[in-house]
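Okay, structure first, notes after.
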Ligand code: MSP
């Protein structure tokens, strides 16, 4: 595969990053790190969605300008992603000058084409969704089902996008490409929503909303946030109707948009229609992930249970985000909801990363030093059965990662670790040493260390720091593609000195459990 382009949703900046936003960015970063091992070139775009009534109102409540609010929170998002090791290529802000200009020209192009027209309109606007809802969308009490707030009745003259013109083409695309929406069980929902789709409002009057990109030909109107927001996927690469960049020509169409299930409609219907209207190719896949709950409860400001990822790192005094990355990316099966709890987090990462994986490396290297002064002898021959299991694991992990099944990929790695731990217990190298069966003892150790090189490679998308720590102690070069992986990894000769052995992941102490909520 030559190149891979993937994106996340861009986050609203009326608050700071919480664990739900972090879940998506971690998931995408894990997928990106996997695809870096399989493709020649990769581009990972993320960013912030900065216009709209919500941001305008939050800024007004705080007595600052919308731009000041956006700057403050966009910076906070960036800092959080840095702490989580999110290795994006570009961070787009929808207030970036180049983006605003390109969006104005996109709007102009659609207006000239006749796909955008002006109409007067009365509708129910939900500020939480930043969109108009129909009566049918509301709960029995007339509330938005996602935000549980009564939408505001708005009468305005707006610009409309001819979504209905593209309805049949979108249905055809979804039906003909069963892999387009991941997981595929969500495609049915989208096809249902398409049944009674209407043209959509794509601008707001400045008498109601001022914080938006002005329509070039009509400064009384600002461009409605979804056309602005969705366009980030192409403007972030340098798309402009008047001439695009090399990156755009190289990377578009996207291989994957990673988004939450709540905004699938915007991506699988609105975005496709906009791209069709712009005569641009369509993205290859959309991954709609599930939601993260806290202690099985929906996160919300009113419940006071919103957790920031940095709270977790600080409260458990973690020196990097590997444990949180591993926990989040294995929290749920593809597209299903997952849960975060302090107790479960502590138990899982201690069990998997410290007790099973970290300890295995640590005690094997310690035995190598104790019995062989850290040296691998040419007579030490690895166990073919275990290496076969490792080989199968490489294939399984790749298979799952290729399908974005990060939970299953993580499970497959831990199954290999468990099998290797069992191999050590069954063969008891300490007993072999006592019985002076040194070649057998050394062969067990070499086998484990060969496998640990594979584990270090496979775990890297989840835990880049742990992986690096393992690879350093194994003198193993992680910088390779999947198809360059070998099973014969440990070289003959001196591998390690006693002082160089250190735990790759420190157990989280029990005293930290349950602190995040307090
Ligand atoms: N700005 C829009 C997206 C525009 S994309 C062109 C938006 N922003 S958001 O800040 O509300 O959400 C950003 C992403 O975070 C979305 O994909 C959303 O699904 C995801 N999540 C927000 N809360 C979440 C959880 N509790 N759990 C998992 N993901 C969640 O929507």
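Values in this text are rule-based calculations from the coordinates and carry no lab data. This one's a predicted model, so the numbers in the text were calculated from it and none came from an experiment. Using ideal geometry, Cβ is built from the backbone for each residue, glycine included, and neighbour counts are taken over all protein chains shown.
Suppose we keep just the alpha-carbon trace of region 324-413; what are its Rg and Dmax in angstrom?
16.9, 50
Write down the Kirkwood hydrodynamic radius of region 189-262, to one decimal in angstroms, obtained as one divided by the mean of 1/r over all alpha carbon pairs.
So the Kirkwood estimate lands at 14.9 Å.
Report, in whole Å, the centroid distance computed from the Cα atoms of region 161-193 and region 463-481.
Taking the Cα centre of each part, region 161-193 and region 463-481 sit 42 Å apart.
Stokes-Einstein D for region 10-79 at 37 °C, 0.692 mPa s, Kirkwood Rh over Cα pairs, in µm²/s?
Roughly 243 µm²/s, to the nearest whole number.
Counting each DSSP H run of 4 or more residues in the chain as -39500 (n - 2.57), what helix-only mean residue ellipticity at 222 nm follows after dividing by all residues, to the nearest 500 deg cm²/dmol?
Calculated mean residue ellipticity at 222 nm is -13500 deg cm²/dmol.
Would you mind pulling out the separation of the Cα centroids of region 111-145 and region 300-359, in Å?
Rounded to whole Å, the Cα centres lie 37 Å apart.
Percent relative contact order of the chain, based on C-alpha pairs within less than 8 angstrom and at least six residues apart?
16 percent
What do you get for the angle between helix 464-474 and the principal long axis of the chain? Use alpha-carbon atoms, 0 to 90 degrees, nearest ten.
Around 20 degrees separate the two axes.
When ranked by the protection proxy of mean other Cβ atoms within 10 Å per residue, highest first, what sequence do the peptides 305-315, 490-500 form?
Descending mean neighbour count gives 305-315, 490-500.
Measuring from label point to label point, each 7 Å out along Cα→Cβ, what is the residue 285 to residue 168 span in nm?
Simple spin-label model gives 3.1 nm for this pair.
Based on the alpha carbons, how large is the Rg to Rh ratio for the chain when Rh follows Kirkwood?
1.04
State, in angstrom, two size descriptors of region 15-164 derived from its alpha carbons: Rg to one decimal place and Dmax to the nearest whole number.
Answer for region 15-164, Rg first and Dmax second: 18.8, 53 Å.
In what sequence, highest mean first, do 218-228, 420-430 appear when ranked by Cβ atoms within 10 angstrom?
Those peptides, ordered most packed to least, come out 218-228, 420-430.
Just subtract the alpha-carbon distance of residue 98 and residue 67 from 0.36 nm times their residue separation and send over the number in nm, one decimal.
Length gained, residue 98 through residue 67: 9.5 nm.
What is the helix-to-structure angle for 384-402, meaning the angle in degrees between its Cα long axis and the longest Cα principal axis of the chain, kept from 0 to 90 and rounded to the nearest 10?
Result, in degrees: 10.
Using the Kirkwood radius built from alpha carbon pairs, what does the Stokes-Einstein equation give as D for region 245-394 at 20 °C and 1.002 mPa s, in µm² per second?
106 µm²/s
Express the C-alpha Rg of region 342-517 as a ratio against the empirical globular expectation 2.2 N^0.38 Å, rounded to two decimals.
1.04
Please order 105, 416, 432 by the number of other Cβ within 10 Å, starting at the fewest.
Lowest to highest Cβ neighbour count: 105, 432, 416.
Relative contact order for region 342-517: what is it in percent, counting Cα pairs under 8 Å that are at least 6 residues apart?
The normalised contact order for region 342-517 reaches 37 percent.
How are the Cα pair distances of region 112-177 distributed, in percent, across 5 Å bins from 0?
Pair shares across the bins are 3, 15, 18, 16, 17, 18, 10, 3, 0.
Any chance you could run the full-extension gain for residue 89 through residue 220? It's 0.36 nm times the residue separation minus the Cα-Cα distance, nm to one decimal.
Full-extension gain reported as 43.6 nm.
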